[in-house]
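Chemist: Attaching a single structure in structure tokens format; questions to follow.
Each value in this text was obtained by applying a stated rule to the coordinates, not by laboratory testing. Quick caveat, the model's predicted, so the values are computed rather than measured. Cβ: placed from backbone, ideal geometry, glycine included. Neighbour counts: every protein chain shown.
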Amino acid sequence: MNAPLLPTPHVEPFFFDADPGTRFSLYHAPAPQMAARGAILYVHPFAEELNHSRRMASLQARRFAALGFAVLQIDLFGCGDSCGDFNAARWDQWKRDLALAHAWLADRNGGPVQLWGLRLGALLALDFATTTAVDGLILWQPILTGRTCINEFLRQRLAGDMRRGGPLLARTTAALRTYLATHGTVEVGGYELAAALAQAIDPLGAADMVPPPCTVHWFASGASAPARLAANAERLAARWAEHGVRLHVHTVAGVPFWSSPETPECPALLDATSAVVCPAV
């Protein structure tokens, strides 16, 4: 059976006035033919994963809008088309950016606001939700600990140096961490990571974060380890249930689009996300 044709939403690019500078944003207005269902704020992933995932984020945002949701995508400080250099980015600044975007979206639409985060953006969404009332969380392939993210990022530098040949800056992530702590920054794939940002991200963990009472949908695609996924989900579900949080885990077939420069699509993820967020359609 073919999926129903959905109306094409209106997309409005603009810049937020923020402190400091401006933040590039895309507002997807809900399709006027559909009943208003609330709003969704997208929290993008880390460094180059933002660019690799732009197409998938755009496709999902358009689906949400066509189903009656207002969707806001914002490039955080030092990221994408927003002002600032990546080496000046800070975790607390990103949370202030989300607070600005969340308030704007809630004021404009007047309904419930959900957070939708990808990879490190999912961990950032969870952290933001510990101090801000949200009406739901959509987590795409969440990174559950900040240290995992930083280690993955540093391994890209190790792999790049090995491919290029010649002298190595370091041979292990531990050595790169020592270099970062000593020099204050390290360049990885064109991104200059500041020690202050890495130090803020490292200790973060989803298990230490409790969102407000709401429904959390966790989507895992690609070659996730089933046993590890189940164990992590069980621990989080038990912890969050004590606080009225309902966690649902969905596994879908697909490729890690966030790490591929070819920007592949993952239709199963788009379908599954749309179905659980708006099951009546």
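Chemist: Would you mind computing the Rg to Rh ratio of the stretch 146-203 from its alpha-carbon coordinates, Kirkwood style for Rh?
Modeler: Expressed as Rg/Rh, it is 0.94.
Chemist: Modelling each spin label as a point 7 Å along the Cα-to-Cβ direction, I'd like the ALA103/ALA207 distance in nm, to one decimal.
Modeler: Spacing of the two 7 Å Cα→Cβ label points: 3.5 nm.
Chemist: Relative to the longest principal axis of the C-alpha atoms of the chain, give the angle of the C-alpha long axis of helix 91-109, reported between 0 and 90° and rounded to the nearest 10°.
Modeler: With both axes taken from Cα atoms, the answer is about 10 degrees.
Chemist: Right, next: Taking the 0 to 90 degree range and rounding to the nearest ten, how far is the long axis of helix 267-277 tilted relative to the main principal axis of the chain, both from C-alpha atoms?
Modeler: 50
Chemist: What residues qualify as long-range amide H neighbours of CYS214, i.e. H under 5 Å apart, gap of 5 or more or another chain, H built at 1.01 Å from N?
Modeler: Amide H neighbours of CYS214, under 5 Å, 5+ apart: VAL245, ARG246.
Chemist: Given an 8 Å cut-off on Cα distances and at least 6 residues of separation, report the relative contact order of the chain as a percent.
Modeler: Computed over the chain, the figure is 17 percent.
Chemist: Toward the positive end of the charge dipole of the chain, about the Cα centre and with charges on Cβ (Lys, Arg +1; Asp, Glu -1), which of VAL188, PHE24, ALA66 goes farthest?
Modeler: VAL188
Chemist: To the nearest 20 debye, what charge dipole does the chain have about its Cα centre, counting +1 at the Cβ of each Lys and Arg and -1 at the Cβ of each Asp and Glu?
Modeler: Roughly 560 debye for the chain.
Chemist: List LEU193, LEU169 from most exposed to least, where exposure is judged by having the fewest other Cβ atoms within 10 Å.
Modeler: Least crowded to most crowded, the residues run LEU169, LEU193.
Chemist: How much mean residue ellipticity at 222 nm does the chain get from its helices, if each DSSP H run of length 4 or more adds -39500 (n - 2.57) and you divide by all residues, to the nearest 500 deg cm²/dmol?
Modeler: That comes out to -12000 deg cm²/dmol.
Chemist: Right, next: Note down the relative contact order for the stretch 183-262 as a percent, whole number, built from C-alpha pairs under 8 angstrom at least six residues apart.
Modeler: The value is 32 percent.
Chemist: Note the angle between two axes, namely the Cα long axis of helix 54-66 and the longest principal axis of the Cα atoms of the chain, as a number of degrees from 0 to 90, rounded to the nearest 10.
Modeler: The answer is roughly 20 degrees.
Chemist: For LEU229 and ASN51 in one chain, what is 0.36 nm times their gap in residues minus the Cα-Cα distance, to one decimal in nm?
Modeler: Computed gain between LEU229 and ASN51 is 61.5 nm.
Chemist: In a shell of Cβ-Cβ distance under 10 Å around SER259, excluding SER259 itself, what net charge do Lys and Arg (+1) and Asp and Glu (-1) give?
Modeler: -2
Chemist: Report, to one decimal in Å, the Kirkwood hydrodynamic radius for the chain based on all distinct Cα pairs.
Modeler: Every distinct Cα pair counted, the radius reaches 19.5 Å.
Chemist: Is there a quick way to get the dipole size of the stretch 146-203? I mean about its Cα centre, with the Cβ of Lys and Arg at +1 and of Asp and Glu at -1; what is the value in debye to the nearest 20?
Modeler: 220
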